[in-house]
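Peer 1: Starting off with a structure, shown below.
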């Protein structure tokens with residue numbers, strides 16, 4: 001996750017004071033804070049399971065936990081390929097609690113409870129209540145269509161730190177994406193119910209070519225409704241998102257959308273508005289922020305561009321296998337939610353705390369290596385230390401090689417410091433690529 005507002009607030013403070021602010025430690029939601037990650041080194045870094053936070057304590061990854069696969073929707077870009085039926089073999093309440101104990105001991109700071117649709121899980125609220133009592137920052141990721149007055153009261157009483165509700169466009173677009181007439185009205189109603197009760201709610205949006213025209217109107221809707229957070233997700237090639245990857249927004253549209261988002265976040269930062277803008281699934285957003293600053297505000301770039309670059313290098317880009325993890329409904333552990341086709345182990349057989357630092361798996365060994373063993377234009381990119389090689393899933397899905405260049409990088413060759421243009425991996429339609437399973441090293 002790239003916390004756009006964090007960096008632009010720092011820039012706004014620097015503009016006012018004339019001095020770039022010192023790094024500030026953030027709370028649990030900012031567990032992947034830039035000041036907590038060591039800058040990439042020329043040699044591979046230690047392949048441990050956690051990272052040292054302030055005070056020397058070990059901090060584990062943020063865990064996105066798909067507690068249930070069942071969903072009342074069948075969205076076009078669903079990485080879990082969910083449907084409205086039960087899935088056998090899901091972790092029961094006792095097993096979930098046992099895993100939570102291990103996660104807490106391992107130093108995991110954040111649990112994002114997701115699905116499928118997590119509100120379909122009967123024990124969701126006892127799980128969330130226990131997570132909060134244990135001190136986890138606890139978020140809920142939902143499509144919002146099931147939230148009525150009574151459920152809004154229950155969510156509020158539980159005390160979730162954050163609730164993310166997906167809106168992939170205005171009414172017609174969203175209903176088409178979610179394959180349900182009335183989905184937009186129901187989700188927006190949920191947003192309003194929770195905001196009225198004082199719950200921190202964010203809008204979640206995944207951009208493709210077909211819903212890109214609705215992006216700016218959604219930003220306007222966010223501000224009009226008073227929602228404090230907007231999460232912009234690039235399409236990643238997993239599940240139905242992989243099947244529909246030919247509809248991914250092309251590079252020019254992506255660049256234009258990011259400019260719009262950064263402009264909006266800068267306006268909020270300068271005006272001191274309580275709005276947070278974040279992006280995910282394309283770590284080229286970090287370098288693009290530097291380029292945006294150079295183009296839009298050359299005076300600020302001249303004064304503070306190097307300080308911003310250092311902050312972004314400390315962030316380090318893609319966190320899959322490092323500072324973000326996924327547990328699916330069956331207890332399989334993955335490097336993140338987009339790697340459901342690559343399991344690292346099951347929490348029924350081994351605790352998460354044993355699975356996560358285990359680098360006998362070749363993919364995990366490479367993800368934990370700093371810098372990562374990427375090839376192609378990624379290896380030659382001047383921003384590798386900022387983006388970390390970007391999203392490895394797209395490379396693997398299109399080429400069969402998880403260390404190939406990320407075909408979703410929207411920066412051109414001149415921008416990344418290459419002397420001449422190179423052929424790019426094409427964004428081919430699903431089914432036209434060769435997929436190779438990443439080998440597991442015996443140990």
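The values are calculated or read from the model by the stated rules, or taken from the named source; none is laboratory data. Because the structure is predicted, anything quoted here is derived from the model rather than measured. Reconstructed Cβ throughout: ideal geometry from the backbone, glycine too, with neighbour counts over all protein chains shown.
Peer 1: In the list 164, 139, 144, which residue meets the criterion of being assigned to a loop (DSSP other than H, G, I, E, B), touching a residue at least 12 places away in the same chain (Cβ under 8 Å) and under 30 Å from residue 352 (Cα atoms)?
Peer 2: 144
Peer 1: Quick one: residue 175 ticks every box in (1) in a loop (DSSP other than H, G, I, E, B); (2) more than 30 Å from residue 322 (Cβ to Cβ); (3) free of Cβ contacts under 8 Å to residues at least 40 places away in the same chain except a single one, so which number is it?
Peer 2: (1)
Peer 1: Can you tell me which condition residue 346 does not meet? The list is (1) touching a residue at least 24 places away in the same chain (Cβ under 8 Å); (2) more than 20 Å from the chain's Cα centre (by Cα), and all the others hold.
Peer 2: (1)
Peer 1: What is the one condition in (1) in a helix (DSSP H, G or I); (2) surrounded by fewer than 21 Cβ atoms within 10 Å (Cβ to Cβ); (3) in contact with a helix residue (DSSP H, G or I) (Cβ under 7 Å, 6 or more places away or on another chain) that residue 194 does not satisfy?
Peer 2: It fails just one condition, (2).
Peer 1: Taking segment 265-281 on its own, how many of its residues are closer than 13 Å to residue 231 by Cβ and touching a helix residue (DSSP H, G or I) at 6+ places or on another chain (Cβ under 9 Å)?
Peer 2: Looking only at that region, the number is 7.
Peer 1: Give the residues of segment 345-360 that are touching a strand residue (DSSP E or B) at 6+ places or on another chain (Cβ under 7 Å), closer than 18 Å to residue 111 by Cβ and surrounded by fewer than 24 Cβ atoms within 10 Å (Cβ to Cβ), sorted by residue number.
Peer 2: Residues satisfying the conditions are 347, 355.
Peer 1: Give the residue that is farthest from the chain's Cα centre (by Cα), with candidates limited to residues of segment 206-232 that are outside any helix (DSSP H, G or I) and at pLDDT 95 or above.
Peer 2: 226
Peer 1: Here's another thing I want to ask about it. Out of curiosity, is residue 363 crowded, with 21+ Cβ neighbours inside 10 Å and assigned to a loop (DSSP other than H, G, I, E, B)?
Peer 2: So residue 363 fails the test.
Peer 1: Looking at 253, 268, can you tell me which residue is modelled with pLDDT of 95 or more and either in contact with a strand residue (DSSP E or B) (Cβ under 9 Å, 6 or more places away or on another chain) or assigned to a helix (DSSP H, G or I) (or both)?
Peer 2: Exactly one of 253, 268 is modelled with pLDDT of 95 or more and either in contact with a strand residue (DSSP E or B) (Cβ under 9 Å, 6 or more places away or on another chain) or assigned to a helix (DSSP H, G or I) (or both), namely 268.
Peer 1: With within 30 Å of residue 179 (Cβ to Cβ), modelled with pLDDT of 60 or more and over 21 Å from the mean Cα position of the chain (by Cα) as the only criterion, which of 128, 88 stands out?
Peer 2: Exactly one residue qualifies, and that residue is 88.
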